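Reading through the structure tokens given below for one structure.
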Amino acid sequence: MEHWADTGTVDGRLAQLRADFPARIRWTEVRDQDPEAFRSAARGALLLPLAILATVAWTSLTVEIPLAVTLPGWIDGLRGLLVVALLFTALLLWIFAVALLSLPADTRRAIAIRRFGDRHGLAFQRLGAAPPPTGILFAEGPVATPSARRGGTRTGRLQPTVTSRFRAEFALTDGGTFGDPGLQLAVATYTGGKNDPKGPRGAFRYLATRMPRPLPHLMIDSLRNGRLRAVLPGTQRLSLEGDVDRHFAVYVPAGYERDALQLLTPDVLVCLLDHGRRWDVEVVDDRVFVASTRSRRCSDRTEIPALLRFAELIGTELGHQASTYTDPRAREPRTQVAAAGRRLRRRSGVWVAVAIAAAVAAMLAFPHVLGWVLDNT
């Protein structure tokens, strides 16, 4: 594989996109847009002293910091119940106080993103269409839907039967319908239950864009923001050598290595290296998902234009390869992907549970083994 180096050239289009993002939104605009936000923030400020008082009472009862509290005898018998009640009261007060205090800043953020979207023909929703539970990033889980087991729809796109496990906030969309936009750029927050499948991250910024046809499942894991070795077995990793392997770990279904090389051409890889080194990129069905760990409002002005620019570039480079791709293993090579290539194989959680159980057993058995050794020497 050819060695690519960072050319350091300035992307004029990216510079223009960043210049179009509002540098400052005045608080008077926030007040005009949502007068109730400041009233709610005032209520949150009133909750702060109560939250602090509840926290101090809880720490005083549990660890005697900042002071020791002596309870009357008739109450001391309920100390455990009182400690639990104070803990939950303090947590709820802090949550409500912080949520209410953040409303003006959230409104300010929404105004900035909406204004940027208006300048580029993108629709804005404070709460956008929830991303489907597809692939690794959005916690699809190990069980495929019935349509996937039968070979998918005519387009090869899965029709999920479970609701999304993520909420999409501060969303910019373009094309498609509200429930299935052609392009979406938003902040995803995990909302699934305790027993639902989990994704690699609970909150992240993401870009979703559509390809001309379904493609094999590819995971391009950026080594700058943590690795997915705990999720994907190394036997599916494809080495591309050079700068690519220094910045990314590329995972491909077994038997689809040549297909991946056909899709990840030098032009596509240069696009990844020049513009997407910090991001994880997942190709699943006819979608490309790009995930950024920079999801806070302070990163909006840099990440939103950068992801939008990346959507333009990857849409051109990878979209061209997708339009000519065929999978000879599929029943309809021009429109479908065979079952073996639709999903990456994941690590089994059984082995993790076995390893944890073995470690616990070893720790419990160690004193007995040591005692037996000492007694017999």
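The values are calculated or read from the model by the stated rules, or taken from the named source; none is laboratory data. Note that the structure is predicted; figures quoted are calculated from it, not measured. When we count neighbours, we look across all protein chains shown, and the Cβ atoms used for this are built from the backbone with ideal geometry, even at glycine. The area values use the complete protein model at the heavy-atom level, side chains included, leaving out ligands, DNA and RNA. Shrake-Rupley method; radii C 1.70, N 1.55, O 1.52, S 1.80 Å.
Distance from a point 7 Å along Cα→Cβ of Arg294 to each backbone N in the stretch 243-280: keep the residues under 19 Å and list them by number.
Residues 247-248, 271-280 fall inside that zone.
Assuming 0.36 nm per residue, please report the length gained on full extension of the stretch Asn376 to Ala123 beyond their Cα-Cα distance.
83.4 nm
May I ask for the net charge around Gly128, where only other residues with Cβ less than 13 Å from the Cβ of Gly128 are counted and Lys, Arg are +1 while Asp, Glu are -1?
Charge balance in the 13 Å sphere: +1.
Once Rh is set to the Kirkwood radius over Cα pairs, what Stokes-Einstein translational diffusion coefficient, in µm²/s, holds for the chain at a temperature of 25 °C and a viscosity of 0.890 mPa s?
101 µm²/s
On average, how much area does the Cα convex hull of the stretch 275-350 cover when viewed from any direction, in nm²?
Computed as one quarter of the Cα hull surface, the answer is 7.2 nm².
Using alpha-carbon positions, what is the distance between the centroids of the stretch 9-66 and the stretch 251-287, in Å?
The stretch 9-66 and the stretch 251-287 have Cα centres spaced 38 Å from each other.
Explain nothing, just compute: Karplus ³J(HN,Hα) = 6.51 cos²θ - 1.76 cosθ + 1.60, θ = phi - 60°, for every residue of the stretch 198-203 in order, whole Hz, x for Gly and Pro.
10, x, x, 9, x, 8
For the stretch 163-231, what class follows from the C-alpha gyration tensor (a ≥ b ≥ c being the square roots of its eigenvalues): rounded when a/c is under 1.5, otherwise prolate if a/b is larger than b/c, else oblate?
Oblate is the answer for the stretch 163-231, as a/c is 1.5 or above yet b/c matches or exceeds a/b.
Based on the Cβ-Cβ distance from Arg331 to Tyr190, what FRET efficiency comes out when R0 is 45 Å, to the nearest 0.05?
Efficiency, rounded to the nearest 0.05: 0.80.
Loop by DSSP (not H, G, I, E, B), at most 13 other beta-carbon atoms within 10 Å: where is the longest site-free stretch of the chain for GluC sites (Glu not before Pro)?
The longest such stretch corresponds to 65-240.
I need the helices of the chain that pass two filters: whole DSSP H segments spanning 27 Å or more by Cα along the axis, and mean Kyte-Doolittle score no lower than 0.0.
Helices passing the filter in the chain: 35-63, 79-101, 349-375.
Quick check: pseudo-label points 7 Å beyond the Cα along Cα→Cβ at Gln16 and Ser102, how many nm apart are they?
3.5 nm
Could you give each residue of the stretch 246-253 its phi-based ³J(HN,Hα) in whole Hz, using Karplus coefficients 6.51, -1.76, 1.60 with θ = phi - 60°, and x for Gly or Pro?
For the stretch 246-253, the Karplus-derived couplings read 6, 10, 9, 10, 9, 10, 9, x Hz, x marking Gly and Pro.
Leu238's amide H: which non-local residues (gap 5+, or another chain) put their own amide H closer than 5 Å, with H modeled 1.01 Å from N in plane and none for Pro or chain starts?
Hits under the 5 Å cutoff: Val250, Tyr251, Val252.
What's the center-to-center distance, using Cα atoms, between the stretch 319-336 and the stretch 210-225 in Å?
First find each Cα centre; the distance between them is then 16 Å.
Rounded to the nearest 500, what is the chain's calculated 222 nm mean residue ellipticity when only DSSP H runs of at least 4 contribute -39500 (n - 2.57) each, over all residues?
It lands at -14500 deg cm²/dmol.
Using a 1.4 Å probe on the protein heavy atoms, what percent of the accessible area of the chain belongs to carbon and sulfur?
The nonpolar share, carbon plus sulfur, comes to 61 percent.
Under 15 Å from the Cβ of Arg13, count the other residues' Cβ atoms, weight Lys and Arg +1, Asp and Glu -1, and hand me the total. Don't skip to the answer; put the middle values down first.
Numbers: positive: Arg18, Arg119, Arg309; negative: Asp11, Asp20, Asp274, Glu312, Glu317.
Surrounding charge for Arg13 is -2.
Report the gain in length on full extension from Asp274 to Ala362: 0.36 nm times residue separation, minus Cα-Cα distance, nm rounded to one decimal.
The span from Asp274 to Ala362 would gain 26.9 nm if fully extended.
Local charge sum around Asp196 (other residues, Cβ-Cβ under 14 Å, Lys/Arg +1, Asp/Glu -1)?
Once all neighbours under 14 Å are counted, the net charge is +3.
May I have the extent of the alpha carbons of the stretch 224-298 along their three principal axes, as whole Å values ordered from largest to smallest?
Result for the stretch 224-298: principal-axis Cα extents of 42, 29, 27 Å.
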